[in-house]
Amino acid sequence: MIRRRHWQRGPRLIAGALLVAWAIGLAWATVQLSTWREDVTQVLLQLRADDLLRSSVRDRDQVHPDWHRRRAVELLAAVERLQGNTGWKAFMPGAWRVFDDLEPRAAERIDAAFAQRVVETLRRELESRAADLSGARVHPASGEIIPAAGCRAAVPADARSRGANPRELPEYVAVLRMVDGSRELGRAMQALASLSQSQDARADELQMLIRYAFGADMPAPRHGSLARLHAQLPADTTEALARRIHWALHCGLDQRMTALHARWGDGAELLSLEDRIAQVHPADLFVPVSGAELPGAITRMREVAALLARQEALLARAPQDALHAPEGPLDPALESLLRQVHDIPLLGPEAAERQRAQAHALRSQWKQRIDAHLARPGAGLAWHTREQRLVPTPQRLALRRGVERLLREPFMTAEAGGGTQAVAISSPAPVLDDLTALAGNRTQFMREGLPLFPPALRPAVARFADERIAQLAFDQAGRFVAAGLQDFPADPGALAWSRIRTAEAVVSNAGAAALARRLRVRLEREMLQPILQATAPFGPAAGGMTQAMGAGPAPPGAFQGGLASPD
């Protein structure tokens, strides 16, 4: 009897313990169900609100990308919460799938949202990053890269570093930025391929992908997000995405490297300068011009001097091996860049070798162009065999030095003239001092400045300078002659003649006898003759003029219209 009681007591204790455990589990399941229900409700309501917002706009692009990225991160976090501890369903038979399909229906809805919010946004972000790096165009509706539309690399606007260290060139910086971006994008694509191909992908790969594409950090994901990404990213979809991104990056690299090759080192700029200099005919710079044309002539001379000085600076900086040996080693900075391209899976050895071949082909073109320049008659460049560099010819160096000296001369300022209008002067000394300085300036230039020019150009330069100085001397002497004539109505011709002779004597005494004779002839023709014609009807004036000229003989024909010709 006692044994039977003990035997019956054991099952009752076990049953009681099970009931107590079930009650505790049911209470715990009730709490968990409440939390799960709130999470599911919140997620579904948010998905519904998102759908309403998306249906209210016509295109996806009307919603800022940040909104899509934020919603994708929020849905990933929600999936991790919903896929957490679901063991509580064992204590609640009503939650079993046999009796309730709430969880499958919620999962189906979340799966559809996951494909749209996370997978689609992830694909768009990766293609957008590739398009930003390469300049490729994307379809406004699908967000896919359009290979048929080509790509266009943004040309750097800042060209101030032209000819500087190659690593400082804006084109080099643009290529380096693209290479760095391609390296990061390549890591993201590798993580995406791993998630697509294997269910056992590491959680840190998904974390890195989310950080790169969405700019957000999230805790280590569990099986829920990984499984959904694997299921909704078939291998063919990932491969098609990789092909589009691969094309875009190669296209963008080709565009940027072409821009870099076009200005790599000094070769491109040297050739560009030489092309411009070759279009200049030096003799055309020194065609005599009138006062109104002088500013334009000065501008042309300054431009040519700047081109020559810039080219000399480039030639003196380093040997131009690229212009003489196209197959020689490339610049170390370019080789470093190509090694980085070689090591990036999305670019690879093929792209690096293609760019290396392009660099050598461009150098061959440079050599052909520079050889053509060197073969021109009167070429301004020569190849220095011992130093293995291009050097300016003595004639080109002389042209640059001569033009720079000429531009520094006082008579080359556009403001030096001013016409022959009468001015009130209290003393003739300042005007005569200016004439003396001008004549001395001419003498000094002809002695020191003119020999700087190539011998073939010296006659043209001398004529140019003489014409300019003669005009300035006429303007200054004309103001001296015309000043105060209205105050001597009795005999203005005599006063004018006296001042002309004074101006002639001042210029002649300064060492410019030829200029003095030329100045006197022009003053007689353009100033004295009109005064005599105006005073001819008045005998006293003409007689006074004749008496005033008695102190010195008048030049033959000076007052009969047959003025002496200029020297």
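The values are calculated or read from the model by the stated rules, or taken from the named source; none is laboratory data. Note that the structure is a prediction, hence the values are computed from the model and not measured. Heads up, the Cβs are rebuilt from the backbone with ideal geometry, glycines too, and the neighbour counts pull from every protein chain shown. The accessibility values were calculated without ligands, DNA or RNA, using every heavy atom of the protein model including side chains. Shrake-Rupley method; radii C 1.70, N 1.55, O 1.52, S 1.80 Å.
Descriptive notes on the structure:
- Tally, over the stretch 328-358, of residues that are open to solvent by 80 Å² or more (accessible area, probe 1.4 Å) and not in a helix (DSSP H, G or I): 2
- Of all residue pairs spaced 6 or more apart or on separate chains, those with beta-carbon atoms under 9 Å, a first member in the stretch 173-195 that is of a type in the set (Ser, Thr, Tyr) and a second member that is part of a helix (DSSP H, G or I) and open to solvent by 20 Å² or more (accessible area, probe 1.4 Å) are SER182/LEU133; SER194/GLU205.
- Checklist (1) closer than 14 Å to THR436 by Cα; (2) at pLDDT 80 or above; (3) of a type in the set (A, V, I, L, M) applied to ALA496, failing item: (1)
- Helices (runs of 4 or more DSSP H) (entirely within the stretch 107-220) containing at least 1 residues that are modelled with pLDDT under 80 and of a type in the set (A, V, I, L, M, F, W, C): 203-214
Yes/no matrix, rows are residues, columns are (1) open to solvent by 20 Å² or more (accessible area, probe 1.4 Å); (2) in a helix (DSSP H, G or I); (3) touching a residue at least 12 places away in the same chain (Cβ under 8 Å):
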site	(1), (2), (3)
HIS360	yes, yes, yes
ILE370	no, yes, yes
PRO377	yes, no, no
ARG386	yes, no, no
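- Of the residues making up the stretch 488-515, those that are farther than 15 Å from VAL431 by Cβ and open to solvent by less than 30 Å² (accessible area, probe 1.4 Å) are PRO492, GLY493, ALA494, TRP497, ALA512, LEU515.
- Some residue of the stretch 403-411 being acidic (Asp, Glu) and closer than 14 Å to ALA305 by Cβ: yes
- Residues located in the stretch 291-305, provided they are without any contact (Cβ under 8 Å) to a residue 40 or more places away in the chain and open to solvent by 60 Å² or more (accessible area, probe 1.4 Å): ALA292, GLU293, THR299, ARG300, GLU303
- Test: residue in the stretch 238-253 that is outside any helix (DSSP H, G or I) and either open to solvent by 20 Å² or more (accessible area, probe 1.4 Å) or modelled with pLDDT under 85 (or both): no
- Residues being part of a helix (DSSP H, G or I), crowded, with 18+ Cβ neighbours inside 10 Å and not hydrophobic (A, V, I, L, M, F, W, C) - total across the stretch 388-400: 2
Matching residues to (1) open to solvent by less than 60 Å² (accessible area, probe 1.4 Å); (2) in a helix (DSSP H, G or I); (3) within 22 Å of GLY296 (Cα to Cα):
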{"site": "ASP434", "(1), (2), (3)": "no, yes, no"}
{"site": "GLN444", "(1), (2), (3)": "no, yes, no"}
{"site": "ARG447", "(1), (2), (3)": "no, yes, no"}
{"site": "ARG458", "(1), (2), (3)": "no, yes, yes"}
{"site": "ALA462", "(1), (2), (3)": "yes, yes, yes"}
{"site": "ASP466", "(1), (2), (3)": "yes, yes, yes"}
{"site": "ASP475", "(1), (2), (3)": "yes, yes, yes"}
{"site": "GLY478", "(1), (2), (3)": "yes, yes, no"}
